[in-house]
1. Taking a cut-off of 20 Å between Cα atoms, list the lysines near residue A:121, but don't count ones fewer than 8 places away on the same chain.
2. Any idea what the dipole of the stretch A:294-446 comes to, in debye rounded to 20, about its Cα centre with Lys/Arg Cβ at +1 and Asp/Glu Cβ at -1?
3. If I fit a long axis through the Cα atoms of helix B:23-37 and take the longest principal axis of the Cα atoms of chain B, what angle between them do I get, 0 to 90°, rounded to 10?
4. Residue A:100 to residue A:56: extension gain in nm, 0.36 nm per residue of separation minus the Cα-Cα distance?
5. Looking at the stretch A:260-409, how many pairs of lysines come closer than 22 Å at the Cα, when each pair is eight or more places apart or spans two chains?
6. Rounding to the nearest 20 debye, state how big the charge dipole of the protein assembly as shown is about its Cα centre with +1 on each Lys and Arg Cβ and -1 on each Asp and Glu Cβ.
7. Output the Cα-based Rg and Dmax of the protein assembly as shown in Å, rounding Rg to one decimal and Dmax to a whole number.
8. Suppose only helical runs count, i.e. DSSP H with n ≥ 4. What mean residue ellipticity at 222 nm does that imply for the protein assembly as shown under -39500 (n - 2.57) per run, divided by all residues and rounded to the nearest 500 deg cm²/dmol?
Amino acid sequence: MSEIHDWSAIEIAEAVRARKLSAVEVLRALRARIAEHDGELGAFLRLNDEAEGEALAIDAALAEGKDPGPLAGVPIAIKDNIHVRDQITSCGSRFLEDFHAPFEATAVERLRAAGAVILGKTNLDEFAMGSSTENSAFGPTRNPWDEDRAPGGSSGGSAAAVAARFCPVALGSDTGGSIRQPAAFCGVFGLKPTYGRVSRYGLVAFGSSLDQIGPFTRRAADAALVTRIMSGADPMDSTAATREVDDYEAVIGQGLEGLRIGVAREFMDDRIDPELRSRVKEAIDALGDAGAEIVEIDLPHTKYAIPTYYIVATSEASSNLARYDGVGYGLRAEQAKDILEMFKKSRMKGFGDEVKRRIILGTYCLSAGSYDAFYDKALRVRTLLRRDFERAFERCDLVLGPTTPTLPFKLGEKTDDPIAMYLADILTASLNLAGLPGASLPAGFIEQDGKKLPVGLQVIADRFREDLIFRVAAALEHLKGFAKESPIS
Amino acid sequence: MVNPDEIRHVAHLARIEVESDKLPVYADQIARIIDFVSQLDELETDDVPVMMHAGADDDVFREDEPGTCLDRAIALRGAADHDDEQIRVPKTL
């Protein structure tokens, strides 16, 4: 008999709805596990004090014969740059460490309406800027598979929480790989939906044309359910697509016959760790053996994705983060002689090094004399990256490859070299630039220093074709068992 | 190509105070990043249109009707210094 922390969201909701188990029992079981293990990992920044009350309300509704919804009593963790009403949204920054969200993110509101219980807020790189969760002002999160290694980032806390079985589902945000790269490093499923599929209302903005909220899970079916619930038009976000949401759960178990999978040569070249590459190839071959047709494709501008991304993302960030001025909310430096000094000192005190570096870089790229050479140029290359994918999807339904160029790296290994850290997103950033959906799927392990380290397989679809991603994820889960191993007993 | 004085100027535009001893560090890092991103110059892009956004091509419209908005007391509670109605700041002129 498996324990509650091993259960999927769907299993928990079924048991709670059938009143075989109360929502409060589920919550207490997971909180006990967090209390035992999160001291070492640091996945959570804060637990939700109201969670027990929320679970009691679910149980009370069931006692009255009401159905709380398909996520009845499922504890969900939320990255700390997504608003949960009246709770702190720190963004991993000193600037916002006492900031209480005055409203709730649409994604969170929709999960709650489906019966979810908010478990707590998870650690992240400050303002989601990083690939290791080491840029958090509140200390790093550790990888549950090897505590000397990074969990990836920026949504490292959410990925580690799902991998460590603190919760079946956690939300992250992805601007250049911040869901998929930590999902790969922690051996769980992580999806960045199509730009506009999930409302960004209540997600603290980093790069507005790139940001998306998405789920981490250990089961493909859980991700399909949660994504369907969160998706859809939102009057609070004009970029949320009005297009109807597909029934993602319907494709689970459909098999791979008739699917054409493209393997990008540029995703499998010498820049990628050879052992990791061969593990990814094994997973792709398994999908081929199960009925998918495998074809080779080219994405010729891939090497320009990171330079393009770091111009576009920092330019947008320099504008978005102008709001942190110490006036309406957040940290304010004391004893400034005038308002300009207050702005400058508040931002100096409140922001960490990486955030300052990116704001300065973005401001530089947008400043007179640099705009055409950098920002305008990057927006044109962005078109070329998008065209690469448009051409690829004329030849195949999905593009597959590794999620990351390396296995999880050691904590501290890349903190002094910004460019080395940026290259962790070499295979993920182009999707954000093109607006495409992509997921990282657990594709096995490689043993190093006596530790099993997870490998991620990235599955990329055309816009609004999340259904194909879930179809492949469910098939691979069926073939390989997916995230059935736990890093913590 | 990027010197400490330039960083001081850009940091001023970005309204961030940078300690003097940090200026050369940022100058060196930003110079290396600029050098790295300059590989985009290898591409001929004069005839390629810019892509500002990855979203839907259609604008979303709604009626301009008054509705409820954030309560003033809630909006003020995050400010470091405020009275019952307004946020207080140091002198602006």
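Laboratory data are not the source of any read-out in this text; all were calculated from the coordinates shown. All values derive from a computational prediction rather than experimental measurement. Positions of Cβ are generated from backbone atoms using ideal geometry, with glycine treated the same way; all protein chains shown enter the neighbour counts.
1. Filter leaves A:79, A:192.
2. For the stretch A:294-446, the charge dipole is close to 420 debye.
3. 70
4. Net length gain for the segment: 13.5 nm.
5. Lysine pairs meeting the criterion: 6.
6. 580
7. Looking at the protein assembly as shown, its Cα Rg and Dmax stand at 23.0, 72 Å.
8. Theoretical 222 nm ellipticity from helices: -11000 deg cm²/dmol.
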